[in-house]
1. Step by step: first the residues of region 125-139, then only those that are touching a residue at least 40 places away in the same chain (Cβ under 8 Å) and aliphatic (A, V, I, L, M), then the one that is surrounded by the fewest Cβ atoms within 10 Å (Cβ to Cβ). Which residue is that?
2. Which one is nearest to residue 130 (Cα to Cα) among residues in region 140-194 that are among the β-branched types (Val, Ile, Thr), in a loop (DSSP other than H, G, I, E, B) and open to solvent by 60 Å² or more (accessible area, probe 1.4 Å)?
3. Kindly establish whether residue 17 is hydrophobic (A, V, I, L, M, F, W, C), closer than 29 Å to residue 147 by Cα and outside any helix (DSSP H, G or I).
4. Hey, any hits in region 104-115 for a residue that's open to solvent by 30 Å² or more (accessible area, probe 1.4 Å), under 14 Å from the mean Cα position of the chain (by Cα) and within 18 Å of residue 87 (Cβ to Cβ)?
5. Specify the residue that is nearest to residue 106 (Cα to Cα); the eligible residues are those in region 55-74 that are in contact with a Ser or Thr (Cβ under 9 Å, 6 or more places away or on another chain) and surrounded by fewer than 16 Cβ atoms within 10 Å (Cβ to Cβ).
6. Would a scan of region 89-101 turn up a residue that is part of a loop (DSSP other than H, G, I, E, B) and over 15 Å from the mean Cα position of the chain (by Cα)?
Amino acid sequence: TVEQSISNPNILYAGTATAGAWKTIDKGDNWSLITQDLYLNGVYALEIDFSNPDIIYIDGGSEGVYKSYDGGINWTVIGDIAFTSLSHSIKDIKLHHNNNQILFIASSQGLFKSIDGGSNFTQILSGNFLEIEFHPNSADTIYFIKQEGDSTLFYRSDDGGNSLTLYINGWPSPNIGDEQKRTEIAVSPASPDKIVALT
């Protein structure tokens, strides 16, 4: 996974499947490893604070979520005891567009929301969640992907993630004996009401 800072486009962070997380301050010409002091290989999700590129969140494997306030020099495991006591496999981390205290986590243990920068989390739904995307023009409209059995489900929230509605019209439904266990979705400001799904 790769994310670029909104407030400083020269800064990017990358998570890898087997080599931790990396940072560049020159748009990718040079990279430095920022997880060398963590017992961590795979980093499948990361998020950068939109106002400060030194504040970042990364998937911490079974530990949950790591947060850094200094660009990856030091790390803290975040979340309350109920959240950190779970063995997570985190696939996506997303910050609210306008409020950097509101954080969403897509985990194998459910969909979680924090309103205090990750100190505490509330579970919105249980299950194995894979991805989160915000509508480009509305922080209240959020899309979620959940794996259930041999297929994935598409949910939409229109109230900032407080409640979710399942949409099935046209969504892929595998036949008996087939499976469709992964989905990636994307949105673009160029066509804000369009959602593209690779399933």
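1. 139
2. Top of the filtered list is 168.
3. Taking the combined requirement at face value, the residue satisfies it.
4. Scanning region 104-115, I find at least one residue that is open to solvent by 30 Å² or more (accessible area, probe 1.4 Å), under 14 Å from the mean Cα position of the chain (by Cα) and within 18 Å of residue 87 (Cβ to Cβ), so the answer is yes.
5. If we take residues in region 55-74 being in contact with a Ser or Thr (Cβ under 9 Å, 6 or more places away or on another chain) and surrounded by fewer than 16 Cβ atoms within 10 Å (Cβ to Cβ), then 62 is nearest to residue 106 (Cα to Cα).
6. Checked against the condition, which is being part of a loop (DSSP other than H, G, I, E, B) and over 15 Å from the mean Cα position of the chain (by Cα), region 89-101 yields at least one hit.
Okay, residues lined up against (1) within 18 Å of residue 129 (Cα to Cα); (2) touching a residue at least 12 places away in the same chain (Cβ under 8 Å); (3) basic (Lys, Arg); (4) part of a loop (DSSP other than H, G, I, E, B):
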residue: 29; (1), (2), (3), (4): no, no, no, yes
residue: 35; (1), (2), (3), (4): no, yes, no, yes
residue: 47; (1), (2), (3), (4): yes, yes, no, no
residue: 50; (1), (2), (3), (4): no, yes, no, yes
residue: 53; (1), (2), (3), (4): no, yes, no, yes
residue: 70; (1), (2), (3), (4): no, yes, no, yes
residue: 73; (1), (2), (3), (4): no, yes, no, yes
residue: 77; (1), (2), (3), (4): no, yes, no, no
residue: 83; (1), (2), (3), (4): yes, yes, no, no
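Rundown of residues vs (1) surrounded by fewer than 16 Cβ atoms within 10 Å (Cβ to Cβ); (2) within 27 Å of residue 102 (Cβ to Cβ), yes/no style:
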| position | (1), (2) |
| --- | --- |
| 8 | yes, yes |
| 16 | no, no |
| 23 | no, yes |
| 26 | yes, no |
| 36 | yes, no |
| 39 | yes, no |
| 49 | no, yes |
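The values are calculated or read from the model by the stated rules, or taken from the named source; none is laboratory data. Remember, it's a predicted structure, so these values are computed and weren't measured experimentally. No Cβ is skipped: glycine too gets one built from the backbone with ideal geometry, and neighbour counts run over all protein chains shown. Accessible surface areas use protein heavy atoms only, side chains included; no ligands, DNA or RNA. Shrake-Rupley method; radii C 1.70, N 1.55, O 1.52, S 1.80 Å.
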